[in-house]
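The values are calculated or read from the model by the stated rules, or taken from the named source; none is laboratory data. Everything quoted here is computed from the prediction, not taken from an experiment. Quick reminder, even Gly has a Cβ in these numbers, built from the backbone with ideal geometry, and neighbours come from all protein chains shown. Remember, those area values only see protein heavy atoms, side chains included, never the ligands or the DNA or RNA. Shrake-Rupley method; radii C 1.70, N 1.55, O 1.52, S 1.80 Å.
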Amino acid sequence: MKVIKRDGRAVSYDAQKIINAINKANKEVEAPERVTHDQVIEILAALGSKMKDSITVEDIQDFIEHKLMSFGKHELAKRYVIYRYQRALVRKANTTDDSILSLIKNQNSEVGDENSNKNATIASTQRDLIAGEVSKDLTMRVLLPERIIRAHESGMLHFHDADYFIQPIFNCCLINIGDMLENGTVMNGKMIETPKSFQVACTVMTQIIAAVASSQYGGQSVDIKHLGKYLRRSEEKYRKIYEDKFRDSLDKEIIEQLVSERLYDELKSGVQTIQYQINTLMTTNGQSPFVTLFLNLEPEAPYAKETAMIIEEILKQRLQGIKNEEGVYVTPAFPKLVYVLDECNNLSGGAYDDLTRLAVKCSAKRMYPDYISAKKMREHYQGNVFSPMGCRSFLPAWKNEAGDYQFEGRFNQGVVSLNLPQIGILSGRDEEKYFEILEERLALQFEALMCRHNALKGTLSDASPIHWQYGAIARLDKGEKIDKFLFGDYSTLSLGYIGLYEAAKLVTGESHTQGRGKAFADRLMKHLRATADRWKAETNIGFSLYGTPAESLCYRFAKIDRQLFGEIEDITDKGYYTNSYHVDVREPIDALSKFAFESQYQVISSGGSISYVEVPNMTKNLEALEEVVKFIYDNIQYAEFNTKSDFCHECSFDGEIEVNEDGEWECPHCHNTNRQKMSVIRRTCGYLGENFWNVGKTKEISSRVTHL
């Protein structure tokens, strides 16, 4: 027998603990109110007859209270309830000491590794993480209903970002950067007027990003097309300077050459400002800004030429990388790049195909950018193309009072994710039982999401002036409530989910790519989407289905279920669940088929989705990558490439390590040949770890070998 503790742990059933608890209550009442030893044994026997493989602590305590009442021992039952309440107070008295002390000692990997843009070893970040642990403690003890806490702790669902819930701040957003640059903004009580040049516009934009990131907990996205206007202003400024100075002494062609050279210098410096400031700035919550740059070229737009120049320079600088402390060029985690494929640049003879080839080369070496198909996105969002928010969630199409579609200046209120495999473990092969349990879990998810919504209601614009008063989201008056932005489709609440593959496997015995498994998965996904739509209709709140990219949650859910239910083949034994609707990494499927299959679920998960394939040795597979990019444009809305590159632990070089003339692996930077100080994969077969989707020129192969 296993007893499920309040934190989700499964421990062996110990009858002596029940005896001890009843005996303590017995001592506090008069003799007539006490239960006899035989009655205690009767309680244990009755409890044992009801127990199966597992039972929760709360169910045990409820059962004991009812049995005491059935014996007529009302005073004893009251004392037992008081004892139970006192024990609950002790549990809730302090839950942060261990986690905070382990953070300070750099021993709390669960908290320290949760965010890639937080370095948990430095004091300023630790201060934010400590505050987060206190906030999480108050959230779990005071702010959230007990059933939501129990659901979170037992892995039924995941209440994301509990460490920020105590404050009236939201998740991620699309910064209205165009409005802030054009109409000015205010930071730290100082007016920032519209920039007069590209360099200044880049500086102001990074300052805005840092200020916005300091007052919310998710990512931010900015559309770089708004910088095109300021690059032209710089060009016009330089042309006027040179014409005034050299009109009578230099040919017009030479003047234009001087203007072009000076403009490129400013372009290069401005993009460097964005890249280096984002990577060196530290926000007030102890992290680099979690920012995404949206690279969307619209040939008919007024500043299309300038936008193309900016995109090209961003890609060139990302391709080069940023030097680390050893002086080695490495791939920065931020800003994330999202590149839009459209008719003008989809590698089918468009005017800007060379820009896409540069993007592919950048992907091959640096993993970024991600790719959005404008063609598919227009099909899904009423003809619109727009950026995902920093957390890769998408907004629904929404029109403002002027009747125009608006995406910038909107945000996500928060996320709660469902553990789909756990329901399958409980239901077994009974599909109808699965949906019965699912409905119960969805009710909990709705309640948890409404906690997020209600926590934001009544918030005054003064809580974050950069968001609510000075343009990032709105321009409200001081003291004005933000409530009108919490309703309609202006902002979203996200229904996340993990493990569609495992759920299908548990209920049907087949993957969601096959026969009965696919039929079940389709029914499940449509049900989740219909639920989100129904909640939206009932509440006038923008609920959306979100194929969350929360990789760490895949491991958390699997870990909890393994503790609760033991090892289940192909489910809990592998240590992770598949992300949202993704194909399991061990299924034999080629890259293009994977994208084609997953695209059907991106349409359903309109609140956010991303698909990826792992490609070996990408720098030597450029032609194959270009073919995949063409496929992305025609077949899937949002996709990215993954790979595992070589790494030198001597100097932190993370490019390709090749075999030298002596047959040794040699780092091209520090010339280290010590095999123990390298992570090198076998290039002859493209081995990438556990497995991968290999994209070749003629065929796709799924391969497994051992490391050298």
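With a 1.4 Å probe and all protein chains kept in place, how do Asp634, Asp477 rank by accessible area, largest first? Don't skip to the end; give the middle numbers.
Working: Asp634 70, Asp477 105 Å².
Most to least solvent-accessible, the answer reads Asp477, Asp634.
By how many nm would the segment from Phe71 to Val659 lengthen if fully extended, with 0.36 nm per residue of separation less the alpha-carbon distance?
Values: separation 588, 0.36 × 588 = 211.68 nm, distance 8.06 nm.
Gain on extension, Phe71 to Val659, equals 203.6 nm.
Which loop trypsin sites (Lys or Arg not before Pro) in segment 7-60, with loop taken from DSSP, have no more than 16 other Cβ atoms within 10 angstrom of their Cβ?
Answer in residue order: Arg9, Lys27, Lys52.
If each residue of separation counts as 0.36 nm, what is the full-extension length gain between Leu426 and Phe246 once their alpha-carbon separation is subtracted?
Contour length minus Cα-Cα distance gives 56.7 nm.
Please list, by residue number, every one of the GluC sites (Glu not before Pro) in segment 451-549 that is coil in DSSP and has at most 13 other beta-carbon atoms within 10 Å.
none
Under a no-solvent Debye model with one identical scatterer per Cα of segment 585-642, what's log10 I(q)/I(0) at q = 0.21, 0.23, 0.30 Å⁻¹?
-0.81, -0.95, -1.35
Hey, for a label at Glu567 modelled as a point 7 Å past Cα toward Cβ, could you say which residues of segment 481-514 have their backbone N under 20 Å away?
502, 506
Given the Cα-Cα distance of Glu182 and Ala519 and 0.36 nm per residue of separation, how much length would full extension add, in nm?
116.2 nm
Among the trypsin sites (Lys or Arg not before Pro) in segment 471-556, which ones are in a DSSP loop with at most 10 other Cβ atoms within 10 Å of the Cβ? Mind listing them?
Lys478
If the reach is capped at under 14 angstrom between alpha carbons, list the aspartates and glutamates near Lys2, excluding any in the same chain fewer than eight residues apart.
Asp14, Asp53, Glu58, Asp59, Asp561
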